[in-house]
Amino acid sequence: DAKTTQPPSMDCAEGRAANLPCNHSTISGNEYVYWYRQIHSQGPQYIIHGLKNNETNEMASLIITEDRKSSTLILPHATLRDTAVYYCIVRLQGGKLIFGQGTELSVKP
Amino acid sequence: GAVVSQHPSRVICKSGTSVKIECRSLDFQATTMFWYRQFPKQSLMLMATSNEGSKATYEQGVEKDKFLINHASLTLSTLTVTSAHPEDSSFYICSARDPPGAAFFGQGTRLTVV
């Protein structure tokens, strides 16, 4: 079973920041949080991952709470091409990624 | 990021035949690859873990004799759907982990069994 919970859907206005929350209250101390997104009929695309520090790359920022029980993915300036299903995943031992239902983000003009 | 390539991207086969799907890591070596299946409007479901040079490990409920996995080299894993039936029609996706970081996914294979 997935170890994360996410809202099923969110809307965001084009050009605004999209903040996608994720709860992972049962995360263990050495488990990483990964974010992927999937555009219809394509394989998931890697976005970012982190352990306990906040992370930023060219795609997004990842904010992890101090107790590590939740995190937020931030797309700073959402575009229409960011419309996708976003998955927050806690990586299990052996490298397995178990997908939950994700958040369907709709970026609207 | 690292590139994982799947082939074919789409395949239509007759009921009772077998279909092979290839997954390649193009710019890194992957001792472990993963196979997923996704039905319409559902999330990805992990089917099995493919280990280079050894037997694959299957998730509960996945028939190992129906979904044959071979991981003969550090850059190639194959999934063969044997004696395919219409209920096996699905989107099959592989992933490979680029140590020590993220796993990268192939573009997926849409299988339709008629």
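Contour minus end-to-end for residue A:92 and residue A:52, with contour as 0.36 nm per residue of separation and end-to-end as the Cα-Cα distance? In short, 12.8 nm is gained.
Rolling a 1.4 Å probe over the protein chains gives residue A:10 an accessible area of about 50 Å². At a 4.7 angstrom Cβ threshold, list every cysteine in chain A that has nobody to pair with, or say none. For chain A, the answer is A:12, because their Cβ atoms have no other cysteine Cβ under 4.7 Å. Taken residue by residue and averaged, Cβ atoms of other chains lying within 10 Å of the Cβ of B:101-107 number 6.
Need one word for the range B:27-74: rounded, prolate or oblate. Basis is the Cα gyration tensor (sqrt eigenvalues a ≥ b ≥ c); a/c below 1.5 gives rounded, then a/b vs b/c decides. Oblate shape, in that a/c is at least 1.5 and b/c is the bigger or equal ratio. Projecting the Cα atoms of A:34, B:47, A:72 onto the charge dipole of the protein assembly as shown, computed from C-beta unit charges around the Cα centre, puts B:47 farthest toward the positive end.
Ignoring the sites themselves, chain A has its longest run without GluC sites (Glu not before Pro) in a DSSP loop having at most 10 other Cβ atoms within 10 Å at A:1-57.
Using Cβ point charges alone (K and R +1, D and E -1), the dipole size of the range B:54-114 about the Cα centre works out to roughly 140 debye. In chain B the Cα-Cα distances spread across 5 Å bins starting at 0 as 2, 13, 24, 26, 20, 10, 4, 1, 0 percent of all pairs. Could you list log10 I(q)/I(0) for the protein assembly as shown at q = 0.08, 0.16, 0.18 Å⁻¹, which the Debye formula gives when each Cα is one point scatterer? Per q value, in the given order, log10 I(q)/I(0) is -0.29, -1.10, -1.31.
Peptide A:45-53 is shielded by partner chain Cβ atoms: per residue, an average of 2 of them sit within 10 Å of its Cβ.
Just checking the listed ones, A:73, A:20, A:51: in the Gaussian network model of chain A with Cα springs under 10 Å, the one fluctuating most is A:51. In order along the range A:87-102, phi translates into HN-Hα couplings of 10, 9, 9, 9, 6, 8, 4, x, x, 5, 10, 9, 7, x, 7, x Hz, rounded to whole numbers, per the Karplus curve 6.51 cos²θ - 1.76 cosθ + 1.60 with θ = phi - 60° and x for Gly and Pro.
Comparing chain A with the 2.2 N^0.38 Å rule of thumb, its C-alpha radius of gyration ratio is 1.00 (two decimals). Checked against a 22 Å cut-off, the cross-linked pairs A:69/B:41; B:20/B:55; A:69/A:96; B:14/B:41; A:3/B:41 give Cα-Cα distances beyond that limit for A:69/B:41; B:14/B:41. By definition, a body whose alpha carbon gyration tensor gives a ≥ b ≥ c is oblate when a/c is 1.5 or more and a/b is not larger than b/c, and the range B:7-48 fits this oblate description. Remark: relative contact order (chain A) = 38 percent; criterion is Cα-Cα distance under 8 angstrom and separation of 6 or more residues.
What is the Cα centroid distance between the range A:34-106 and the range B:1-74, reported in whole angstrom? Centre-to-centre distance over Cα atoms comes out at 23 Å. Annotation: for a label point projected 7 angstrom from Cα along Cα→Cβ of residue A:23, residues of the range A:68-87 with backbone N closer than 12 Å are A:69-71. A Förster radius of 30 Å, combined with the Cβ-Cβ distance separating residue B:28 from residue B:83, puts the computed FRET efficiency at roughly 0.35. Computed about its Cα centre, the charge dipole of the range A:1-82 is approximately 60 debye, with only Lys, Arg, Asp and Glu carrying charge at their Cβ. Spin-label model, residue B:20/residue A:80: points 7 Å from Cα along the beta carbon direction are separated by 4.3 nm. Ranking A:102, B:18, B:67 by Cα position along the charge dipole of the protein assembly as shown, where only Lys, Arg, Asp and Glu carry charges on their C-beta atoms, puts B:18 farthest toward the positive end. In a simple Cβ point-charge model (Lys, Arg +1; Asp, Glu -1; nothing else charged), the range B:1-110 has a dipole of about 240 debye relative to its Cα centre. With contacts taken as Cα pairs under 8 Å and at least 6 residues apart, chain B reaches a relative contact order of 37 percent.
The values are calculated or read from the model by the stated rules, or taken from the named source; none is laboratory data. Since the model is a prediction, treat every value here as computed from it, not as a measurement. Glycine also receives a Cβ, built like all others from the backbone with ideal geometry; neighbour counts cover every protein chain displayed. Ligands, DNA and RNA are stripped out before the accessible areas are found, and what is left, the full protein with its side chains, is counted by its heavy atoms. Shrake-Rupley method; radii C 1.70, N 1.55, O 1.52, S 1.80 Å.
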